[in-house]
Amino acid sequence: MSARLVLLGPPGAGKGTQAARLAERLQVPAISTGDIFRANIKGGTELGRTVQEYTSRGALVPDSVTNAMVRDRLAQADAAEGFLLDGYPRNTAQVDELERILADLGHPLDRAVEITADPDVVTQRLLRRAELEGREDDTEDVIRHRLDVYAEQTAPISDVYAQRGLLVQVDGIGDVDEVTERLLAAIDAR
Ligand code: ADP
């Protein structure tokens with residue numbers, strides 16, 4: 001099976017960790033919009049300057065900016081045989097845009113994989129990560145806002161993919177290796 005995948009789940013569910021592991025196992029690039037934005041902010045690029053005012057307060061970057069970036073990234077050679085998108089799509093307009101991008105590239109999405117996790121657990125994880133990594137958007141207020149944005153704009157995406165028969169859900173609570181194995185099994189099963 002080809003692996004053109006999106007990984008869904010709330011902030012703190014372990015998407016980044018699992019995306020790296022799945023990418024390695026499936027031999028496709030993990031493409032994280034959040035990582036690309038952070039690298040650009042750190043590198044002081046024009047894109048970085050544009051997005052920082054949004055990422056620092058946990059708001060979504062405007063779709064026009066994010067969509068163009070993802071379109072460029074997915075057109076690169078290493079994504080031709082598959083990819084794992086982490087952090088995109090994040091609202092229903094981005095779901096539609098992704099469909100157009102993939103139609104233009106000639107291959108549809110294979111699956112949307114959702115990592116589920118209890119909101120209290122993810123908040124605790126994010127606060128702990130804040131101490132370790134010092135991410136600008138890991139303060140308590142901004143975390144709360146990111147979780148609200150997720151609930152309002154991103155969570156409804158699961159239903160859209162479920163209606164299209166593309167959604168698989170995996171419990172994100174437990175040992176990191178165990179969750180990886182669950183994800184691989186869910187990706188294979190269909
Ligand atoms: P998390 O999932 O932990 O909230 P990410 O690393 O995925 O964090 O994203 C960090 C920030 O980057 C988001 O809060 C948002 O500002 C911006 N961002 C990432 N992906 C998108 C997207 N698809 N659309 C709009 N903004 C995005």
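Considering only region 3-20, I want to know if a residue exists there that is modelled with pLDDT under 95 and open to solvent by 40 Å² or more (accessible area, probe 1.4 Å).
There is at least one residue in region 3-20 that is modelled with pLDDT under 95 and open to solvent by 40 Å² or more (accessible area, probe 1.4 Å).
Can you confirm whether TYR150 is in a helix (DSSP H, G or I) and touching a strand residue (DSSP E or B) at 6+ places or on another chain (Cβ under 6 Å)?
no
If I ask for residues that are within 20 Å of GLY16 (Cα to Cα) and either open to solvent by less than 20 Å² (accessible area, probe 1.4 Å) or of a type outside the set (D, E, K, R) (or both), which ones from region 76-97 would you list?
Across region 76-97, the qualifying residues are ALA79, GLY82, PHE83, LEU84, LEU85, ASP86, GLY87, TYR88, PRO89, ASN91, GLN94, VAL95.
When the residues of region 136-164 are narrowed to those that are of a type in the set (Gly, Ala, Ser) and modelled with pLDDT of 95 or more, which ends up surrounded by the fewest Cβ atoms within 10 Å (Cβ to Cβ)?
Among those residues, the one meeting the criterion is ALA162.
Among the numbered conditions (1) of a type in the set (D, E, K, R); (2) modelled with pLDDT under 95; (3) more than 13 Å from the ligand (Cβ to nearest atom); (4) assigned to a helix (DSSP H, G or I), tell me where GLU178 comes up short.
All conditions are met except number (2).
Within region 34-70, take every residue that is under 16 Å from the mean Cα position of the chain (by Cα), open to solvent by less than 50 Å² (accessible area, probe 1.4 Å) and under 19 Å from GLY134 (Cα atoms) and give me the one that is farthest from the ligand (Cβ to nearest atom).
Among them, the one singled out is ILE36.
Is it true that ALA93 is touching a helix residue (DSSP H, G or I) at 6+ places or on another chain (Cβ under 6 Å) and at pLDDT 95 or above?
Yes: the conditions hold for ALA93.
If you scan region 101-156, which residues turn out to be basic (Lys, Arg) and closer than 15 Å to LEU5 by Cα?
ARG111
The values are calculated or read from the model by the stated rules, or taken from the named source; none is laboratory data. Since this is a predicted model, take the numbers as computed values, not measurements. Heads up, the Cβs are rebuilt from the backbone with ideal geometry, glycines too, and the neighbour counts pull from every protein chain shown. Ligands, DNA and RNA are excluded from the accessible area calculation, which covers all protein heavy atoms including side chains. Shrake-Rupley method; radii C 1.70, N 1.55, O 1.52, S 1.80 Å.
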